[in-house]
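Heads up: the structure comes next, in structure tokens.
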Amino acid sequence: MEKNRKIIDTSGAVIVSCASAVGGKEFEGPLGACFDFHDPTDSFGQKTFERSEAEMQRLVLATAISRIGAKASDIDALFAGDLLNQCVSSAYGLLEYDIPYFGLYGACSTAAEGLMLASVFASRGITRMAAAVTSSHNAAAERQYRNPLEYGGQRTPTAQWTVTGAGAFVVSNAENAERDNVFAEVIEAFPGIVVEKGITDAANMGAAMAPAAADTLLNYFEVSGTSPSDFDMIVSGDLGKEGVSILGEILSASGVDASEKLFDCGMMIYDAEAQDVHAGGSGCGCSAVVLASHLFPKLKSGEISEILFYGTGAMMSPSSLKQGLAIPAVAHLLRLRSPAAKYK
């Protein structure tokens, strides 16, 4: 089959605001001081896990908008999603906003997918400003996909810990952005395709997603004419320890050495040994909060100049798991550049 892989020019889009909220375990990790909000109870004042997740989305979007002196009416489109059936956390959490809403399901790739779509809209002048929001909650996700936490099931070494967290981003057309607000320029976007390699283990998301990540990266390097050495970091969201290891092997077998450049949001957010998270973090909220609290500030300051960020998602459902179907995955990529050099 002939390849149809094209880079989308999004160079007219910039990230102008972001916000993050996390639970107690995330706050106790290496990036704890970076997050805007945290709740050691993971409840955020709500009675259910699902409502807690919805409240995190409401909180981070309100914060991201207010930080640039904007109002909800200034946001022309809202791209949001989460891990739960029918993306209910997004629908309920953002119910109060009178903003055109696009619901997304990309599993753990949702942060990348939302940012990609918001950037396309902003760079084409379809919107002056658009927002991307996503979240996950450990207890809600475990109850839906595996077993309720009360079950106390044994976790395998390849398992990842679903992050309790939410991130929101405001993406503006560059012509309308105030220079001091710009965190990063979204230079290019490269959508992924669905890849399935026969993995059926819901406790090994890294193995299911690594082939999709490799497909996206290898095709992007080929189409763009770039190599890993052109970037400060190549960041996955989130393959975890298992997936990054498999990805490195696939790239190496294809003649691409990226070993010194590969980083993973799921490995950044926790101390794997001290916090007993096995293969690292996962969930829509994982890459969203690491981007909002850690990576975007580094881009804004110029500490890092250019990164590839790709969100990886395992596109399973509770029904497909029960039926024993193999897990398809996707990886969406963004090329992000620091505004610091441009504004010197």
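Of note:
- Residue within region 255-268 that is surrounded by 24 or more Cβ atoms within 10 Å (Cβ to Cβ) and β-branched (V, I, T) present: no
- For region 27-48, the criterion of being in contact with a helix residue (DSSP H, G or I) (Cβ under 9 Å, 6 or more places away or on another chain), modelled with pLDDT of 95 or more and either among the basic types (K, R) or not assigned by TED's automatic domain parsing to the domain that holds S73 (or both) is met by no residue.
- Among the residues examined, G285 does not qualify as touching a Phe, Trp or Tyr at 6+ places or on another chain (Cβ under 6 Å), under 18 Å from V330 (Cα atoms), buried (at least 17 other Cβ atoms within 10 Å of the Cβ) and not assigned by TED's automatic domain parsing to the domain that holds A112.
- Test: residue in region 298-315 that is at pLDDT below 95, touching a helix residue (DSSP H, G or I) at 6+ places or on another chain (Cβ under 8 Å) and in the same structural domain as I199 (by TED's automatic domain parsing): yes
Yes/no per residue for (1) more than 16 Å from L115 (Cα to Cα); (2) not β-branched (V, I, T):
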{"residue": "Q46", "(1), (2)": "yes, yes"}
{"residue": "R51", "(1), (2)": "yes, yes"}
{"residue": "M56", "(1), (2)": "yes, yes"}
{"residue": "V60", "(1), (2)": "no, no"}
{"residue": "I75", "(1), (2)": "no, no"}
{"residue": "L83", "(1), (2)": "yes, yes"}
{"residue": "S90", "(1), (2)": "no, yes"}
{"residue": "L94", "(1), (2)": "yes, yes"}
{"residue": "D98", "(1), (2)": "yes, yes"}
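- For region 207-263, a residue qualifies if it is on the phi > 0 side of the Ramachandran plot and free of Cβ contacts under 8 Å to residues at least 24 places away in the same chain, and the qualifying residues are G225, G255.
- Single condition S136 does not satisfy, out of (1) at positive phi; (2) under 21 Å from the mean Cα position of the chain (by Cα): (1)
- Single match in V170, V195, V163 (criterion: more than 27 Å from P318 (Cα to Cα) and buried (at least 17 other Cβ atoms within 10 Å of the Cβ)): V170
- Taken over region 213-241, the criterion of being among the aliphatic types (A, V, I, L, M) and more than 16 Å from A258 (Cα to Cα) is satisfied by V223 alone.
- Region 63-110 - residue that is of a type in the set (G, A, S) and not in a helix (DSSP H, G or I) and, of those, nearest to A208 (Cα to Cα): G106
- Flag if S90 is in contact with a strand residue (DSSP E or B) (Cβ under 7 Å, 6 or more places away or on another chain) and assigned by TED's automatic domain parsing to the domain that holds S172: yes
- Qualifying residue in region 200-219 (condition: in a loop (DSSP other than H, G, I, E, B), at pLDDT 95 or above and not basic (K, R)): no
- Residues of region 94-122 that are surrounded by 24 or more Cβ atoms within 10 Å (Cβ to Cβ) and over 12 Å from the mean Cα position of the chain (by Cα): A118, S119, A122.
- When residues in region 254-273 are screened for being of a type in the set (G, A, S) and modelled with pLDDT of 95 or more, 4 of them pass.
The values are calculated or read from the model by the stated rules, or taken from the named source; none is laboratory data. A quick note: this is a predicted structure, and the numbers were derived from the prediction, not measured. Positions of Cβ are backbone-derived with ideal geometry, glycine not excepted, and every protein chain shown enters the neighbour counts.
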